[in-house]
Amino acid sequence: MKLSNGVKPISYFKAHASEVINDVVENQNTMVITQNGEAKVVLQDIRSYEQMQESLAMLKILALSTKSINEGNFRSANDTFSDLDSKIADRERS
């Protein structure tokens, strides 16, 4: 995704809002709107935004998992399943 192709001044956006929104939605483009020569706003279709938010959430989960592993805060799968088997056996005996 090249943002340089989708940089427009706010005056362009004001004059062509409907066209810009249609282009962003139909082509899943991202557009940067500038004001006084500075990038101020990113315009993105809702599906792309939702996908980005989901990706960021997954990356956060991965980072937290990696941190936990590096700190030694984990249990082996064998230990976990053994504990579960014991709990199931205890319930069956009750």
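Here, each number is a calculation from the coordinates, and none is a lab measurement. As the structure is a computational prediction, the values presented were derived from the model and not from experiment. Neighbour counts are summed over all protein chains in view; Cβ atoms, including those assigned to glycine, are modelled from backbone coordinates with ideal geometry.
Couple of notes before you dig in:
- Segment residue 67-residue 46, length gained on full extension (0.36 nm per residue, minus Cα span): 4.4 nm
- Percent of beta bridges antiparallel (DSSP, the chain, rounded to nearest 5): 65
- Measuring between their Cα centroids, region 26-47 and region 55-94 lie 42 Å from each other.
- With K and R counted +1 and D and E -1, the other residues having a Cβ less than 13 Å from that of residue 23 yield a net charge of -2.
- Region 1-44: antiparallel DSSP beta bridges as a percent of all, rounded to 5: 65
- Expected 222 nm ellipticity per residue - DSSP helices of 4 or more, -39500 (n - 2.57), all of the chain, to 500: -20500 deg cm²/dmol
- FRET efficiency for residue 25 and residue 59, using Cβ-Cβ distance with R0 set to 22 Å, rounded to 0.05: 0.30
- Applying 1/(1 + (r/R0)^6) with r as the Cβ-Cβ distance of residue 17 and residue 38 and R0 = 30 angstrom yields a FRET efficiency of 0.90.
- When the chain is described by a simple charge dipole with +1 on each Lys and Arg Cβ and -1 on each Asp and Glu Cβ, the residue from 56, 9, 32 located farthest towards its positive end is 9.
- [x] 13.4, 48; [y] 24.7, 75; [z] 17.4, 56, with the label sought being that of the calculated Rg and Dmax of the Cα atoms in Å: [y]
- Among 43, 84, 62, the largest mean-square fluctuation in a Gaussian network model of the chain (Cα springs under 10 Å) belongs to 84.
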